[in-house]
Number of protein chains: 2
Amino acid sequence: MPYELYYWPSIQGRGEFVRLALEDVGAGYVDVARTGGAGMRALLRLLDDGGLARPPFAPPILKSGKLIIAQTANILLFLGDRHGLAPRSQAGRLWVHQLQLTLADLVVEIHDTHHPIAASLYYEDQRDEARRRAADFRDSRVPKYLGYFEQVLERNRSGGAYLVGARRSYADLSLFQVVDGLHYAFPRMMARLEEAYPRVAALHGRIAGRPRLRAYRASGRRIAFNEDGIFRHYAELDA
Amino acid sequence: MPYELYYWPSIQGRGEFVRLALEDVGAGYVDVARTGGAGMRALLRLLDDGGLARPPFAPPILKSGKLIIAQTANILLFLGDRHGLAPRSQAGRLWVHQLQLTLADLVVEIHDTHHPIAASLYYEDQRDEARRRAADFRDSRVPKYLGYFEQVLERNRSGGAYLVGARRSYADLSLFQVVDGLHYAFPRMMARLEEAYPRVAALHGRIAGRPRLRAYRASGRRIAFNEDGIFRHYAELDA
């Protein structure tokens with residue numbers, strides 16, 4: 001039975017971290033809300049299902065048989081074990097998850113560059129605050145995070161092609177996505193910074209070139225970055 | 001060998017979620033940076049240790065033998081398995097972790113009520129933005145989150161004394177801490193809202209009354225809430 005992924009149909013958002021994992025391992029899945037109006041209604045019904053003993057707080061949500069799993073990093077923890085997207089050892093599993101949670105923190109900060117006051121308000125209603133927050137993000141936070149992942153790659157005793165050991169993990173796929181999104185949202189910043197993080201840049205290219213992910217992009221299934229998602233290009237926030 | 005917890009010595013912060021788990025199971029641990037100047041230097045050395053193959057991004061950090069684990073939810077995932085702070089079934093483990101990650105999202109939002117622009121700036125330098133963010137937090141985000149956890153308790157088929165099954169999990173301890181901190185930071189808001197979430201309020205009381213946690217508070221080991229932590233009381237942000 002294929003997995004069912006429930007996520008908003010018009011943005012990459014947090015769902016894309018799950019899609020990349022499913023695509024990279026070649027898992028069968030239905031991207032439910034993208035199957036048309038009935039699919040979108042199924043997503044809303046799931047979010048509002050009073051009969052669920054274990055209700056999700058928000059998408060993305062993955063159904064696997066009877067299991068209903070939410071929270072991106074939690075879904076990846078589950079998929080990591082099932083599809084070889086994480087080491088088998090306890091130490092390795094925890095380390096990959098630790099990196100994923102650090103990426104999740106970064107994703108919140110990226111989102112909040114354009115929504116520092118409230119997710120419920122339009123960007124235009126918090127643009128001044130966004131300018132302030134984005135300046136700190138570019139000057140202080142991005143170097144801290146990218147510098148950290150550069151260091152993790154550098155110290156990986158298995159060669160540094162991936163974050164953990166000698167094989168790609170779900171954290172590599174997620175770091176690819178974050179870097180890809182940063183290039184979209186902050187092209188000027190990334191042009192300035194990228195040289196300082198050559199291992200991160202190489203990882204981004206290495207993951208982009210994986211055959212199934214190339215096929216995914218070529219298929220047209222990958223939603224384009226846009227100004228409704230996490231990674232938004234607003235020229236005034238980039239520098 | 002006791003665990004070693006590495007966290008800032010003067011705030012509860014994210015370290016407190018780990019401390020509560022360790023205290024509740026009666027695990028032996030050294031709160032390293034609170035053992036004096038040498039302990040603080042040990043924390044700084046760990047954060048700056050160029051020899052670590054798997055460097056942590058930030059505290060809290062738990063050492064267990066050779067394992068060095070960071071990211072609060074990841075530490076709790078580890079402790080949950082070891083000390084019966086989570087069910088043994090895969091479905092139960094994932095569900096507790098999902099709840100923990102939702103609490104982690106809430107903790108970020110709580111922190112950002114007083115630091116909506118940059119963690120590196122003083123509160124006083126982002127007070128106007130904090131007022132706006134805190135208003136949305138009080139009116140929209142807190143009801144959404146507390147309403148969610150109320151629902152989780154209500155739907156728990158094992159009776160609803162705890163979030164998952166019939167025993168406390170690390171997510172219960174963390175929900176206690178969040179509610180406790182909200183009472184400190186937003187007393188007026190909580191006085192207004194608490195009635196609407198009776199199960200959450202009852203859980204808070206139930207966890208507070210656990211013998212080892214009572215002993216922990218009585219011991220003086222629990223750092224008081226203060227205006228350097230996540231939960232800060234600024235009257236102008238409460239309403």
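A few remarks follow.
- Relative contact order (%) - segment B:3-83, alpha-carbon pairs under 8 angstrom, separation at least six: 35 percent
- For B:Lys144, a cut-off of 29 angstrom between C-alpha atoms picks up these lysines, skipping any fewer than 8 places away in its own chain: A:Lys63, A:Lys66.
- Local electrostatic count, B:Phe225, Cβ distance below 9 Å [Lys/Arg +1, Asp/Glu -1]: -1
- Copy-to-copy label separations for B:Gly92, where each label sits 7 Å from Cα toward Cβ, in nm and ascending: 2.8
- For chain A: relative contact order, % (alpha-carbon pairs under 8 angstrom, 6 or more apart): 23 percent
- Within-11-Å neighbourhood charge of B:Arg34 [Cβ basis; K, R +1; D, E -1]: +1
- Exam field: B:Arg206 pseudo-label spacings to other copies (7 Å along Cα-Cβ), nanometres: 4.8
- Take the Cα of B:Val30, step 7 Å toward its Cβ, do the same at A:Glu227, and the gap between the two points is 5.6 nm.
- Computed per residue of the protein assembly as shown from DSSP H runs no shorter than four, each worth -39500 (n - 2.57), the mean residue ellipticity at 222 nm is -16500 deg cm²/dmol.
- Prolate/oblate/rounded call for chain B, Cα gyration tensor, a/c under 1.5 rounded: oblate
- Copies compared at A:Ala224 - label distances in nm, ascending, label defined 7 Å from Cα in the Cβ direction: 5.8
- Here B:Ala215 and A:Ala191 are evaluated by their C-beta separation; at R0 = 60 Å the FRET efficiency comes out at 0.60.
- Using Cβ point charges alone (K and R +1, D and E -1), the dipole size of segment A:90-237 about the Cα centre works out to roughly 940 debye.
- Look at the Cα gyration tensor of the protein assembly as shown: its axes a ≥ b ≥ c give a/c under 1.5, and that counts as rounded.
- Separation of segment B:186-212 and segment A:208-224, taken as the distance between their Cα centroids, equals 48 angstrom.
- For segment B:53-77 versus segment A:1-43, the gap between their alpha-carbon centres in whole angstrom: 32 Å
- Surrounding net charge for A:Arg168, when Lys and Arg each add one and Asp and Glu each subtract one, Cβ distance under 10 Å: +1
Each value in this text was obtained by applying a stated rule to the coordinates, not by laboratory testing. This one's a predicted model, so the numbers in the text were calculated from it and none came from an experiment. Backbone-built Cβ (ideal geometry, glycine too); neighbour counts: all protein chains shown.
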